[in-house]
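Enquirer: Sharing a structure here in structure tokens format.
The values are calculated or read from the model by the stated rules, or taken from the named source; none is laboratory data. Only a predicted model underlies this, so the values are computations on that prediction, with no experimental measurement involved. Reconstructed Cβ throughout: ideal geometry from the backbone, glycine too, with neighbour counts over all protein chains shown. Surface accessibility is based on the protein's heavy atoms, side chains included, excluding ligands, DNA and RNA. Shrake-Rupley method; radii C 1.70, N 1.55, O 1.52, S 1.80 Å.
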Amino acid sequence: RFEIPIRRRRDLRDLGLRTALCTGRGRPSTAVILEHLKMASWFEVTVTGEEVPRPKPFPDGILDTARRLGMPPEAILYTGDSVKDVEAGLAAGAFTVAALWAGTEEEGEGIQRADGLARQPGDLLTLLAGRQAFRNPIAE
């Protein structure tokens, strides 16, 4: 569903950023998908829906991801493509970005609550750089 250019992963690592995956899927299907997409090595930490007590929109998965990374949730940039993702990220206290490149409807009120909007994966780097061009004025 997500088409992230390989060079973007390298960009993130070159910047010294850590990557993790927090998904509502189970561990077996997540492993199959990551292997198929050749992305299994992309993430330092993977937290699946079967490993947390409550699913999104509860923040449990994101909080567990932050804990496993040894980081406070406020230090996390969480990207998701659904209203439940946005709600979970905000509830966890993470900087939450709606991934509009994944076909997410921008008009939804839940999506508009995100801290930032990314129309393409490269927008994440813009947001990380602190530029305001893609920040969501409605959420501020």
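Enquirer: Taking the condition of being surrounded by 14 or more Cβ atoms within 10 Å (Cβ to Cβ) and small (Gly, Ala, Ser), how many residues in segment 12-38 meet it?
Expert: So the count comes out to 3.
Enquirer: On to the next question. Give the residue that is farthest from the chain's Cα centre (by Cα), with candidates limited to residues of segment 109-120 that are farther than 12 Å from Leu77 by Cα and open to solvent by 20 Å² or more (accessible area, probe 1.4 Å).
Expert: Among them, the one singled out is Glu109.
Enquirer: Consider segment 60-89. How many of its residues are in contact with a Gly (Cβ under 9 Å, 6 or more places away or on another chain) and either open to solvent by 20 Å² or more (accessible area, probe 1.4 Å) or hydroxyl-bearing (Ser, Thr, Tyr) (or both)?
Expert: Of the residues in that region, 13 qualify.
Enquirer: Next question. When residues of segment 34-56 are filtered for being free of Cβ contacts under 8 Å to residues at least 24 places away in the same chain and closer than 22 Å to Val83 by Cβ, how many remain?
Expert: Matching residues across segment 34-56 total 3.
Enquirer: Please find, within segment 90-108, the residue that is surrounded by the most Cβ atoms within 10 Å (Cβ to Cβ) out of those that are of a type in the set (A, V, I, L, M) and closer than 19 Å to Leu127 by Cβ.
Expert: Step one: filter segment 90-108 for residues of a type in the set (A, V, I, L, M), giving 90-92, 94, 97-100, 102.
Add one more test, that the residue is closer than 19 Å to Leu127 by Cβ, and what stays is 90, 92, 94, 97-100, 102.
Working: Leu90: 20, Ala92: 22, Ala94: 26, Val97: 25, Ala98: 30, Ala99: 25, Leu100: 18, Ala102: 16.
For segment 90-108, the residue satisfying everything is Ala98.
Enquirer: Among (1) at pLDDT 90 or above; (2) open to solvent by less than 40 Å² (accessible area, probe 1.4 Å); (3) not β-branched (Val, Ile, Thr), there is one condition Leu125 misses while meeting the rest; what is its number?
Expert: Against the list (1) at pLDDT 90 or above; (2) open to solvent by less than 40 Å² (accessible area, probe 1.4 Å); (3) not β-branched (Val, Ile, Thr), Leu125 comes up short only on (1).
Enquirer: Can you tell me which residues in segment 43-59 are open to solvent by 20 Å² or more (accessible area, probe 1.4 Å) and within 11 Å of Leu21 (Cβ to Cβ)?
Expert: Phe43, Glu44, Thr46
Enquirer: Can you find a residue in segment 70-85 that is modelled with pLDDT under 95, more than 16 Å from Arg18 (Cα to Cα), of a type in the set (A, V, I, L, M, F, W, C) and over 12 Å from the mean Cα position of the chain (by Cα)?
Expert: Taking every residue of segment 70-85 in turn, at least one turns out to be modelled with pLDDT under 95, more than 16 Å from Arg18 (Cα to Cα), of a type in the set (A, V, I, L, M, F, W, C) and over 12 Å from the mean Cα position of the chain (by Cα).
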